[in-house]
1. Along the charge dipole of the chain, Cβ charges K/R +1 and D/E -1, which of V170, V210, N66 sits furthest on the positive end?
2. Pull up the cross-link candidates among the lysines for K181, meaning alpha carbon to alpha carbon under 24 Å and not fewer than 8 places away within one chain.
3. Once you order the gyration tensor axes a ≥ b ≥ c over the Cα atoms, which shape class does the chain get: rounded for a/c under 1.5, otherwise prolate or oblate by comparing a/b with b/c?
4. With a/c under 1.5 counting as rounded, go ahead and sort region 1-110 into rounded, prolate or oblate using the C-alpha gyration tensor (a ≥ b ≥ c being the square roots of the eigenvalues; past the cut-off, prolate if a/b is larger than b/c, else oblate).
5. Under a point-charge model restricted to the Cβ atoms of Lys and Arg (+1) and Asp and Glu (-1), what is the dipole moment magnitude of the chain relative to its Cα centre, in debye to the nearest 20?
6. In a Gaussian network model over the chain where Cα atoms closer than 10 Å are linked, find which of L160, L22, L98 has the largest mean-square fluctuation.
7. So what's the back-of-envelope 222 nm ellipticity for the chain, counting only DSSP H runs of four-plus at -39500 (n - 2.57) apiece and dividing by all residues, rounded to 500?
8. Over the chain, with a Gaussian network built from C-alpha contacts below 10 Å, which listed residue (L226, L161, L16) shows the highest mean-square fluctuation?
Amino acid sequence: MATAAVLTARDVPTMLNYFKALDNEPPHRYVEPPEGKPASNIGRDPHPALVHDVRGREAEFSLDKNGFQYVHWPSVEKDFTDDEVIKEKYYPEVERILKEVAGAKRVFIFDHTIRRNPESDINRSDPKNRGPAESVHIDQAYWASVERVKYHLPEDAARLLQSRVRIINVWRPIANPVAHKPLALADWRTLHADDLVPIDLVYPHRTGGVYGVNYNPARELAWYYLGGQRPEEVALIKCYDSETDRARLTPHTAFTDKGSPKDAPHRQSIEVRALVFDAE
């Protein structure tokens with residue numbers, strides 16, 4: 001009988017891209033850039049990092065302690081090519097994961113991103129053909145997370161915001177194990193609030209917010225990844241928590257692994273973003 005290959009943990013030296021301001025204006029990124037304007041005024045500030053492989057000790061990491069967690073959860077959906085099928089078949093799976101693993105009473109999924117393009121996603125020129133996001137970021141700013149509840153669930157927002165609210169991303173490889181551009185996650189306990197950079201996320205009819213992260217040599221982040229992450233190995237990434245006595249968010253980024261096999265398939269992944277409530 002064939003057995004799954006046993007993977008050995010392998011830490012990876014690499015370069016990670018931190019926040020860099022390109023002008024003196026407030027940092028911003030357009031979801032749909034106005035004609036003649038750049039998509040953002042944000043650049044990259046690369047610095048060396050060692051990304052530690054958690055393979056074999058995945059259970060040591062948790063959402064509330066570190067800000068991220070790995071879960072073994074095979075999916076019935078394999079292709080992830082049709083948005084309506086994803087919403088009909090995969091979204092309910094994500095809800096089950098968040099209720100079972102994160103203890104959610106109510107889940108509201110507000111979007112998902114599929115990445116299949118091998119090239120970097122820095123310019124975001126084609127939302128249907130996204131590449132890896134190779135800059136250290138957090139998907140939601142604190143204030144924008146609260147506004148998301150009001151935006152998506154206006155009738156229930158006042159009540160829901162009286163109890164614990166989280167935003168958790170559910171990240172899964174598609175089709176093949178990750179070799180190129182794996183996902184690095186930073187331990188919340190090594191993050192300092194002073195290094196967070198608020199960035200306006202400008203939609204056509206409203207403005208949200210995300211965070212970039214300044215590089216600080218005096219207090220470097222501790223970085224982790226799951227080597228050879230398979231489609232059945234899901235990463236849960238906390239992007240907001242209203243509770244302040246535990247991990248509240250997770251810096252993350254794709255990174256280059258020069259030791260990955262040159263002939264390995266390019267990375268494909270789906271990331272589903274959800275509001276997670278302790279109240280129904």
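1. My answer, from the dipole projection, is N66.
2. The reachable lysines, counting only those whose Cα sits under 24 Å from K181, are K20, K78, K128, K238, K258, K262.
3. Taking the square roots of the gyration eigenvalues as a ≥ b ≥ c, the chain is rounded.
4. Since a/c reaches 1.5 but b/c is at least a/b, the shape of region 1-110 is classed as oblate.
5. Roughly 280 debye, rounded to the nearest 20.
6. Its mean-square fluctuation being the largest, the pick is L22.
7. Value at 222 nm, helices only, nearest 500: -2500 deg cm²/dmol.
8. For the chain, modelled as a Gaussian network with Cα springs under 10 Å, the answer is L161.
Every read-out reported here was derived from the displayed coordinates using simple, explicitly stated rules and does not represent laboratory data. Small disclaimer: the values here were computed from a predicted structure and weren't measured. When we count neighbours, we look across all protein chains shown, and the Cβ atoms used for this are built from the backbone with ideal geometry, even at glycine.
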